[in-house]
Amino acid sequence: MTEQKKLQPLQAVKGMNDILPPESARWEWLEDKMRSVLQRYGYQNVRTPIVEPTALFVRGIGEVTDIVEKEMYAFEDRADKHGQAEHLALRPEMTAGVVRAMIEHSFLRDSGRRLYYFGPMFRREKPQKGRYRQFHQMGVEALGFHGPDVDAEVILLGSRLLRELGLKDGEHVRLELNCLGAPEERRAHREALVAHLEAHKALLDEDSQRRMYTNPLRVLDTKNPALQDMANAAPKLLDFLGEASLAHFNGVRAILDAAGIAYSLNPRLVRGLDYYNLTVFEWVTDKLGSQGTVCGGGRYDGLIEQLGGKPTPAVGFGMGMERMLLLLEEVGVAPAAPAPDAYAVVPSAKGLPQVMVALEALRAAGVSVVLHPGQSSMKSQFKKADASGAAYALVFGEDELTQGLVSIKPLRSEGAAQYTRRIEAAAEWSAELLNA
């Protein structure tokens, strides 16, 4: 008989990570904190497909961006019965997908929308700490609203969110602002910038020379120390802004100043996507090495028309979940591990039917109770009860069950006495377990 070949276990794709307990509890904590803030600002949840037409991102993000050129997971789907195959992509970001959904479902016909999302994104780049091939973002999109007040509100929302997560402005994060103006202002600045780069062409590396004519603003975002003097001396976009753009930007700043939100102007802040105009912003940190941006966004008034909709103003931001969790860990903000309210200690299988009914009554009343499957010694079960973090141990011993009782032993209150309650009245005394 031929010996069957042992199957090798499979592993996750490089850069695409499993999130297991207790780490997953930190994600749930973060998502809950975020939802609490988002709902206070009137934002509603939107969920779009992970797979979208490749053309959506080519048109929306820009054909000469790193995301489209180098990082996007794009593929040709199987051909249909007519021999036609769709060109599809795993979403590298979500704004374009949200805009596509708004256009497709005529969702902006009656009024503006404030939307938020959570979800995985995909970019094929070298995996590193806080930057993975499958990564997760929370984002907000305010669609259909003109005026600097909405830009400022989105920034205020982001600022409140960071504060409520326990991050201190100036110590852990800082806000940077810029204004990219209108298309015609950017064109005039672009001409001056290209001329400046051409005069310093000998200094530019191969990547910067390639971008010089396709996306010159990104050349200024260089991290190359040898190019810093050249970048600092480049024409500044703020000097090319007209009256309307300056008024919009000054309106944003006035609201932030009145609200006491600290920020600095960064004329080299451009963001990584082509669709931004007017206000752009980032929260950055020096706690994570080179991965300094933890949240970024801005206004993108032309994107909806660019994707086939009617001209519609829009502003939003995206926040990386992995990077945010890393930052919270780095600065010592760690949520407490979730613990059950009670842990059931059942030394004999004979009492399980009666015990299970009582536990269901407690759960129906909102009490979280863990029952370890299988039988083990009292000592072992108490050890597990203590390790679970539960506030109480519910002891269903043979003597107690004979009398229709359960012994309740406080585990976190030193010196607190053990007491008994009637099993059939579990719903009546359940509140005692919630007030630990």
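Laboratory data are not the source of any read-out in this text; all were calculated from the coordinates shown. All values reported here derive from a predicted model rather than from experimental measurement. Note: ideal-geometry Cβ built from the backbone for every residue, glycine included; neighbour counts use all protein chains shown.
Protection proxy ranking of 171-182, 415-426, by the mean of other Cβ atoms within 10 Å over each peptide's residues and highest first, is 171-182, 415-426. Hey, could you grab the Kirkwood Rh for segment 213-278? Inverse mean 1/r over distinct alpha carbon pairs, Å, one decimal. Evaluated on segment 213-278, it is 13.8 Å. The string of couplings for segment 41-48 from the Karplus curve (6.51, -1.76, 1.60, θ = phi - 60°) is 9, x, 8, 10, 7, 10, 10, 10 Hz, one whole number per residue in order, with x for Gly and Pro. The alpha-carbon positions of segment 303-436 define a convex hull whose volume is 218 Å³ per residue.
I'd like the trypsin sites (Lys or Arg not before Pro) in segment 43-111 restricted to DSSP loop residues with at most 15 other Cβ atoms within 10 Å, sorted by number. Numbers along the way, then the final one.
Details: sites: R47, R59, K70, R78, K81, R100, R109; in loops: R47, R78, K81, R109.
Loop-located and lightly packed - R47, R78, K81, R109.
Which whole-number percent gives the relative contact order of segment 204-353, counting Cα pairs below 8 Å spaced six or more residues apart?
Values: 121 pairs, mean separation 20.4, N = 150.
Taking the mean separation of contacting Cα pairs over the length of segment 204-353, I get 14 percent.
Just in segment 383-421: which GluC sites (Glu not before Pro) are loop by DSSP and have at most 16 other Cβ atoms within 10 Å? Here the GluC sites (Glu not before Pro) that fit, given the DSSP loop and packing criteria, are E414. Each part reduced to its alpha carbon centroid, segment 49-111 and segment 270-343 end up 21 Å apart. Counting other Cβ atoms within 10 Å as a rough exposure proxy, the listed residues Y275, Y300 run Y275, Y300 from fewest neighbours to most.
Do any of K33/K236; K168/K223; K81/K126; K14/K223 go past 31 Å between their Cα atoms, and which?
Pairs exceeding the cut-off: K33/K236; K81/K126.
Among beta bridges from DSSP that stay inside the chain, the antiparallel ones total about 80%. Sorting 147-155, 37-45, 248-256 by average packing, meaning the other beta carbons within 10 Å per residue, from highest down gives 147-155, 248-256, 37-45.
In the chain, the longest principal axis of the Cα atoms and the axis of helix 23-40 are about 60 degrees apart.
Mean sequence separation of contacting Cα pairs (under 8 Å, at least six apart), scaled by the length of segment 342-434, corresponds to a relative contact order of 33 percent.
For segment 404-409, 3J(HN,Hα) computed residue by residue from phi via the Karplus equation (6.51, -1.76, 1.60; θ = phi - 60°) reads x, 10, 10, 8, 10, 10 Hz, glycine and proline entered as x.
Straight-line reach from K379: which lysines fall under 21 Å, measuring Cα to Cα and dropping same-chain residues less than 8 apart? K379 reaches K350, K409. With only the Cα atoms considered, the chain has a convex hull volume of 261 Å³ per residue.
Of the GluC sites (Glu not before Pro) found in segment 26-124, the ones in coil according to DSSP and having at most 13 other Cβ atoms within 10 Å of their Cβ are E63.
Remark: C-alpha extents of segment 325-387 on the principal axes read 50, 28, 13 Å, sorted largest to smallest. Remark on M121: its backbone amide H falls under 5 Å from those of F135, H136, Q137, a criterion applied only to residues 5 or more positions apart or on other chains, H modelled at 1.01 Å from N. Estimated from helical segments only, the mean residue ellipticity of the chain at 222 nm is -10500 deg cm²/dmol, where each DSSP H run of four or more residues counts as -39500 (n - 2.57). Taking amide H atoms as placed 1.01 Å from N in the peptide plane, the amide H of V370 lies under 5 Å from those of A342, Y343, A344, each 5 or more residues away in sequence or on another chain. Give me the angle, in degrees from 0 to 90, between the Cα long axis of helix 95-104 and the longest principal axis of the Cα atoms of the chain, rounded to the nearest 10. Compared with the principal axis, the helix lies near 90 degrees.
Each Cα pair under 8 Å and six or more residues apart adds its sequence gap; the mean of these over the residue count of segment 1-155 is a relative contact order of 23 percent. To the nearest 10 degrees, how steep is helix 148-164 against the longest Cα principal axis of the chain, on a 0 to 90 scale? The angle comes out near 40 degrees.
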